[in-house]
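The values are calculated or read from the model by the stated rules, or taken from the named source; none is laboratory data. Note that the structure is predicted; figures quoted are calculated from it, not measured. Don't worry about glycine lacking a Cβ; one is built from the backbone with ideal geometry, like all the others, and counts go over all protein chains shown.
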Amino acid sequence: MQYNSWLYVVVFLSCTVLLYYACPLRQRWMILLAASTAFYVLASRQLILVLILSAAVIYWAALEIDRGESRYQQQKGLLSKEERKRLKENLAIHNRRVVAAACMASFGILFFLKYFNFMGSNLNLLFAGLRLPLTIPALHLMMPLGISFYTLSAISYLVDVSRGACPAQRNFAKLLLFLIFFPVITEGPISRYGQLGGQVAQGHRFDFRAFCFGIQLILWGLFKSVVLADRLAAVVGNIFTKHSDYSGSVVLVAVLLYTLQIYMDFSGGIDIARGSAELFGITLAQNFARPFFATSVNDFWRRWHISLGAWLRDYIFYPISLSHPFQLLSKKSRAHLNSYYAATIPALIALFAVWLGNGIWHGAAWKYICYGLYYYIIMAAGMLFEPLSVRLLALLHLRRESRGWHLWQMLRTFCFVNLGMLIFRADSLRTAWTMFLSMFTPYHGKSLLQVLSSQGLNSNQLEIVVWGAALVLMVSIFQERGVGIRTWVAARAIPIRWSIYIAVILAIIIVGAYGPGFGVVDFIYAQF
């Protein structure tokens, strides 16, 4: 059941909202659990057992950590200072072992289902190169819906419990609801228990303002998804599939259209998810903050898929960079390098793990690994050459605060991002390289507009895309300047407010990409 389908919006979500507010306050979380379970079973059927197994492992581990802490609190008043210290150290070792075992089990399930065949195929190539009579058979594996999302949420919950950042949830059903909550299970945002766990576990009273804001987000998400992203899916897919038939501006435009498509698809889906949660009085974490206004690749990833970047920062970068070996490395670096590079070199090593993890998380293919490392190389180069850049700008009398420099940074970042999207969308690294080179070869076939029209984007369709993208850009500009569009709309008089709502609804109904000539389009990030 897609978030952008009428079945979801008109039937499933509407019925869940009605049942939720018809139920007594204290039992309302049970309606969310029942709806989320039904949503998951409809999508993955018996594979829900895999999710329940993962949740059970995390549930047991968190309770084990909580029991150890309770025992320590009960005994510490009866012990001497040295005994308390020894008990605390033993408890810390025990907790690390519990966390490690649970993480290995959870990640083990993820890696087996998602990466077994990828690893097996690469090992088979290695065995063939070494002339070893070994073969790892390919297995017919099915991935549960949202396994990459709920696994990271589960691990963050367990680590936060071990750090004392949140209490262990003693009700397994409520922990399961946190992991399976239907607005986030398909494509995030990746939730933290401290932010979402308490919200879904308690009932919420009807809040008219929050309900209206939820409707706004759903409509806006449907507009971006149904009117824009789904309309671009066919032409992008056709050109990327038959990339050898094209070159020059056709390939360049296809890459630009894919960047537009994935942004409208992913951010639209997240808007629908956040809006759905707001109907129940639940606030989800923000996952996008106008990423194409970014002035650097670092800034882009602070604005794009925010929840993934924050997870990688908090659970990979900080643990590595603050570990004892890295503290020693930083100390030794200060003895041989200036203060800037002494801090930068250890950070670059930790960042490598972050961006390798980013690539692996996205999919079981070398192109995804290279996608992550592509951004790592750009960031590493920027950090290493930062002192030189400062001196060069001073020599040329260029101010970083100037509008021209700001626009140049945005344009440069946009180019980097589009090259990254080419790697992400192409069927393979070889295809990405071929398409990149073909951009610099003039295309001597039909005109660009004729090619786009032949692939499903005629002049009328293109006009809808241009006006729709312009509307999204205009809204983003206001938001970037600090204007709260949702608050502004909610504050208008009823005739104006409802005119806006009706205009968006009519746009979705009249020019939405569905019906004859359009196929069913799955959310891009749902596959991860």
Find the helices (runs of 4 or more DSSP H) located wholly in region 182-251 whose residues include 2 or more that are of a type in the set (V, I, T), and list them.
182-185, 208-222, 230-241
Within region 356-375, restricting attention to residues that are without any contact (Cβ under 8 Å) to a residue 40 or more places away in the chain and of a type outside the set (G, A, S), which residue is surrounded by the fewest Cβ atoms within 10 Å (Cβ to Cβ)?
L356
Regarding Q199, is this residue surrounded by fewer than 24 Cβ atoms within 10 Å (Cβ to Cβ), touching a Lys or Arg at 6+ places or on another chain (Cβ under 6 Å) and in contact (Cβ under 8 Å) with a residue 24 or more places away in the chain?
no
Tell me, please, whether a residue that is buried (at least 17 other Cβ atoms within 10 Å of the Cβ), within 22 Å of R412 (Cβ to Cβ), under 19 Å from the mean Cα position of the chain (by Cα) and outside the structural domain of S156 (by TED's automatic domain parsing) can be found in region 310-321.
no
Filter region 503-528 down to residues that are of a type in the set (G, A, S), within 28 Å of the chain's Cα centre (by Cα) and not in a helix (DSSP H, G or I) and give me whichever is modelled with the lowest pLDDT.
G519
Where in region 443-502 are the helices (runs of 4 or more DSSP H), entirely inside, with at least 2 residues that are under 30 Å from F208 (Cα atoms)?
459-480, 485-491
Among the residues of region 92-125, write down those that are under 16 Å from P144 (Cα atoms) and either buried (at least 18 other Cβ atoms within 10 Å of the Cβ) or touching a strand residue (DSSP E or B) at 6+ places or on another chain (Cβ under 7 Å) (or both).
S106, I109, L110, L113, K114
List the number of the failed condition for H305; all other conditions in (1) more than 29 Å from G120 (Cβ to Cβ); (2) buried (at least 17 other Cβ atoms within 10 Å of the Cβ); (3) not small (G, A, S) hold.
(1)
Taking region 127-167 as the region of interest, how many residues are of a type outside the set (S, T, Y) and under 19 Å from A105 (Cα atoms)?
15
Being more than 24 Å from the chain's Cα centre (by Cα) and among the small types (G, A, S) is the filter here; which residues of region 13-72 pass it?
S14, A22, A34, A56, A61, A62, G68, S70
Assigned to a helix (DSSP H, G or I), without any contact (Cβ under 8 Å) to a residue 24 or more places away in the chain and at negative phi: which single residue out of L13, L18 fits that description?
L18
Pairs, please: C-beta under 6 Å, at least 6 apart or cross-chain, first residue within 18 Å of G188 (Cβ to Cβ) and in region 507-528, second modelled with pLDDT of 70 or more and aliphatic (A, V, I, L, M)?
I524/I262
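In the list E83, E89, which residue meets the criterion of being surrounded by 12 or more Cβ atoms within 10 Å (Cβ to Cβ) and either not basic (K, R) or not assigned by TED's automatic domain parsing to the domain that holds I147 (or both)?
Every option except E83 fails the conditions.
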Give just the number: which of (1) assigned to a helix (DSSP H, G or I); (2) within 22 Å of A294 (Cβ to Cβ) does L437 not satisfy?
(2)
Tally, over region 159-181, of residues that are surrounded by 24 or more Cβ atoms within 10 Å (Cβ to Cβ) and part of a loop (DSSP other than H, G, I, E, B):
1
